[in-house]
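Report on one structure; see the data block that follows.
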Amino acid sequence: MDEKKVMLSGIQPSGDLHLGNYLGPLRHWPEMIEEFDCYFFLADLHTITVRQDPAQLRRRVLTLLAQYIACGLDPERCTLFIQSHVPAHAQLGWVLDCYTMFGELSRMTQFKDKAAKHKDNINAGLFTYPALMAADILLYQPDFVPVGEDQKQHVEICRDIAERFNGIYGDVFKVPAPHIPKVGARIMSLNDPTSKMSKSNLEGCVILMDKPEDIMRKFKRAITDSDTERCVRYAPQEKPGVSNLVQIYATVTGKSFEEIEAEFDGKGYGAFKPAVGEAVAETLRPIREETERLLADKAYLENVYKTGAEKASYVANKTLRKVYKKVGFVPR
Ligand code: TRP
């Protein structure tokens, strides 16, 4: 039997999951765990590069863990863990800091953006973040790392670091292929259809944990377009607001754009908006209920992350031992 290919992805627990995350990449993850040997972790070490409220960070990590399971990441079929539970990440991170150049880190666009945004806290961790991310990846020798466009540069520097290290010590790391996953739908803000749905604009953003009444309110207030035809039609250039709703409705119901246009022919936006709201509320209901059930079951969640950390540590420590030996540390 062929060995499954290995895939790894880290998730920043820096905010609540929203409809855009769900209808984009997240929905495809359950298919991934069938096909690949998958590692998913909550990147809490990364999160403290910007200040966090401790109680909130703890709650977010556990909520996200529950949400991912509720969205179909079955912990029996993939390795699901919390980054800080596997010390090898920080340990290899340090080693890789010493094989990552000041100049290449200075070119990272995310560093430049975040430094501009948090001028009062441009800390060393924010700067060396890509070396830690390279450690996250290289510990598991994955074949590929699915990331969004914004993280591509970090996967590229990871490849450079791996190649540099391998160049000195022989083949220690598998060099992972960059992989931009099936994006799924690109969901825009409900009250500003020219920008992506984001937590920074809450009224235009449906959080996975939103109650049906909140979802309905947000959809009823969704911006439609000021065109004269007032008909439901997918035309992202001319009608960005309505097209976004059509896209959302198509994604949650599985209907085609043509079917949707026919369904709402002659009905106008007043009937369409609540219909989209209802379809979204029904899609999210089981996820929210399952998340709430899991969050109430502390023992289960604890068992998931402990088991995950053990599985991950086993693989990560193998790579770390190899690296320590190569660089010349005395084995304990
Ligand atoms: N930096 C990623 C983000 O902001 C999260 C992340 C951390 C990650 N380590 C990773 C992603 C390793 C993929 C692989 O989204």
Quiz prompt | Cα-centre dipole for the chain with unit charges at Cβ (Lys and Arg positive, Asp and Glu negative), debye to 20 | solution = 1120 debye
Quiz item: Do any of Lys117/Lys152; Lys4/Lys298; Lys117/Lys211; Lys199/Lys220 go past 23 Å between their Cα atoms, and which?
Solution: Lys4/Lys298; Lys117/Lys211
Quiz item: How high is the relative contact order of the chain, given as a whole-number percent (alpha carbon pairs under 8 Å, six or more residues apart)?
Solution: 22 percent
Practice problem: Quick one: which residues, 5+ away or cross-chain, put their amide H under 5 Å from the amide H of Ile82? H built at 1.01 Å from N. | Solution: Leu42, Ala309
Quiz prompt | Other-chain or far-sequence residues with amide H under 5 Å of Lys5's (modelled H) | solution = Asp37
Practice problem: Step through the residues of region 109-120 one at a time and calculate ³J(HN,Hα) from phi using the Karplus curve (6.51 cos²θ - 1.76 cosθ + 1.60, θ = phi - 60°), rounding each to whole Hz and writing x for Gly and Pro. | Solution: 5, 5, 4, 4, 4, 5, 5, 5, 7, 10, 4, 7
Quiz item: If you check each cysteine of the chain for another cysteine whose beta-carbon is under 4.7 Å away, which ones come up empty?
Solution: Cys71, Cys98, Cys158, Cys205, Cys231
Quiz prompt | Calculated FRET efficiency for the pair Arg293/Ser195, C-beta based, R₀ 41 Å, to 0.05 | solution = 0.75
Practice problem: Sum -39500 (n - 2.57) across every DSSP H segment of at least 4 residues in the chain, then divide by the residue count to get the 222 nm mean residue ellipticity, nearest 500. | Solution: -17000 deg cm²/dmol
Quiz item: Roughly speaking, to the nearest percent, how much of the chain's 1.4 Å accessible area is carbon and sulfur?
Solution: 52 percent
Practice problem: Taking the Cα atoms of the chain, report the difference between the largest and smallest coordinate on each principal axis, in whole Å and largest first. | Solution: 76, 44, 43
Quiz item: Using θ = phi - 60° and the Karplus form 6.51 cos²θ - 1.76 cosθ + 1.60, what ³J(HN,Hα) does each residue of region 213-229 get, whole Hz, x for Gly and Pro?
Solution: 5, 5, 4, 4, 4, 5, 6, 5, 8, 4, 6, 9, 9, 8, 6, 8, 6
Self-check item: Over region 202-292, relative contact order from alpha-carbon pairs under 8 Å, at least 6 apart, %
Solution: 36 percent
Quiz item: Simple spin-label model, 7 Å along Cα-to-Cβ: Asp214 to Val327 in nm?
Solution: 4.4 nm
Quiz prompt | Solvent-accessible area per residue, Å², over the chain with all protein chains present [probe radius 1.4 Å] | solution = 49 Å²
Quiz item: Are there GluC sites (Glu not before Pro) in region 1-110 that DSSP puts in a loop and that have at most 10 other Cβ atoms within 10 Å, and which ones?
Solution: Glu3, Glu76
Self-check item: Percentage, to the nearest whole number, of Cα pairs in region 202-292 over 15 Å apart
Solution: 58 percent
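The values are calculated or read from the model by the stated rules, or taken from the named source; none is laboratory data. Only a predicted model underlies this, so the values are computations on that prediction, with no experimental measurement involved. Cβ coordinates were reconstructed from backbone atoms using ideal geometry, including for glycine residues, and neighbour counts include every protein chain displayed. Just so you know, the surface numbers come from the protein's heavy atoms only, side chains and all, with ligands and any DNA or RNA stripped out. Shrake-Rupley method; radii C 1.70, N 1.55, O 1.52, S 1.80 Å.
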